[in-house]
Amino acid sequence: SQKIEQNSEALNIQEGKTATLTCNYTNYSPAYLQWYRQDPGRGPVFLLLIRENEKEKRKERLKVTFDTTLKQSLFHITASQPADSATYLCVLSYNTDKLIFGTGTRLQVFP
Amino acid sequence: DAGVTQSPTHLIKTRGQQVTLRCSPKSGHDTVSWYQQALGQGPQFIFQYYEEEERQRGNFPDRFSGHQFPNYSSELNVNALLLGDSALYLCASSTGPSGPPDTEAFFGQGTRLTVV
């Protein structure tokens, strides 16, 4: 079955720096790869979606890359702020509406 | 637009009991998916409902069942509760097969179920 690896250790960075989160997967590439943000005790919130034929997608301070050869996606937050502190989930989808979630990486941005 | 709403927000049940969780999808959405999220883990897909039928199912036992109503709202039922069923249960709505495949899912705030 598909396995998604995200760094289970928390990522601590200073405000203003760029945060980079990694998502690696096994087996075949998904049709779409998505990133969600989740705050404690809340449901995930959609951030960005990138298709298998796209290399990069940007939205404001966010950037996602997708390398189907490496089977990897990188998620970047530039000019990070304390309000960006949350858990970020990498999600794969294969045109079946079922979402396959990674375990998430907790990001802590300190002043 | 109220978005996806779930009820109740918290619930405590005893082993062996049965529980029903409820979800109202975002306006304009006809597909509801349920996920279980254990502490420190990512959400795991339970099943999806579309046109009042279970369309897909994850690797969950038959103790987990669901229903979708004509107004697209949905219920998740869990029978014979086990301690390991303690988790955050999330409902997600989308346009499903009736809409484009590459669209986001909208999640509710979840129901925190504790089995004691």
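The values are calculated or read from the model by the stated rules, or taken from the named source; none is laboratory data. As the structure is a prediction and not an experimental result, all values here were calculated from the model. Positions of Cβ are backbone-derived with ideal geometry, glycine not excepted, and every protein chain shown enters the neighbour counts. Note: areas computed on protein heavy atoms with side chains; ligands, DNA, RNA excluded. Shrake-Rupley method; radii C 1.70, N 1.55, O 1.52, S 1.80 Å.
Give the residue that is farthest from B:A105 (Cα to Cα), with candidates limited to residues of the stretch A:87-110 that are open to solvent by 10 Å² or more (accessible area, probe 1.4 Å) and more than 14 Å from every other protein chain (Cβ to nearest Cβ).
Out of the qualifying residues, it is A:F110.
Within the stretch B:1-52, how many residues are within 23 Å of A:P40 (Cβ to Cβ), touching a helix residue (DSSP H, G or I) at 6+ places or on another chain (Cβ under 9 Å) and open to solvent by less than 10 Å² (accessible area, probe 1.4 Å)? Explain how you work it out, then say what you get.
So the first thing to find is which residues in the stretch B:1-52 are within 23 Å of A:P40 (Cβ to Cβ), and the list is B:2-13, B:19, B:21-23, B:26, B:33-46.
Among the residues that remain, those that are also touching a helix residue (DSSP H, G or I) at 6+ places or on another chain (Cβ under 9 Å) are: B:13, B:19, B:33, B:36, B:38.
Next, from what is left, pick out any that are open to solvent by less than 10 Å² (accessible area, probe 1.4 Å): B:19, B:33.
Result for the stretch B:1-52: 2.
Go through (1) free of Cβ contacts under 8 Å to residues at least 12 places away in the same chain; (2) within 14 Å of chain A (Cβ to nearest Cβ); (3) of a type outside the set (V, I, T) one by one and return the number of the condition B:G58 breaks.
(1)
For the stretch B:66-85, which positions are under 15 Å from the mean Cα position of the chain (by Cα) and surrounded by fewer than 17 Cβ atoms within 10 Å (Cβ to Cβ)?
In the first step, residues of the stretch B:66-85 are kept if they are under 15 Å from the mean Cα position of the chain (by Cα); the result is B:66-69, B:72-79, B:85.
Once the filter is applied, which keeps residues that are under 15 Å from the mean Cα position of the chain (by Cα) and surrounded by fewer than 17 Cβ atoms within 10 Å (Cβ to Cβ), the stretch B:66-85 yields B:H67, B:F69, B:N77, B:N79.
Select the strands (runs of 3 or more DSSP E) contained entirely in chain B, then report the ones holding at least 2 residues which are β-branched (V, I, T) and modelled with pLDDT of 95 or more.
Values: elements: B:5-7, B:10-13, B:19-24, B:31-37, B:44-50, B:53-57, B:64-68, B:74-78, B:87-94, B:111-115.
So the answer is B:19-24, B:111-115.
State all residues of the stretch A:53-79 that are part of a loop (DSSP other than H, G, I, E, B), open to solvent by 50 Å² or more (accessible area, probe 1.4 Å) and within 26 Å of A:N27 (Cα to Cα); if no residue qualifies, say none.
A:N53, A:K55, A:T69, A:L70, A:K71
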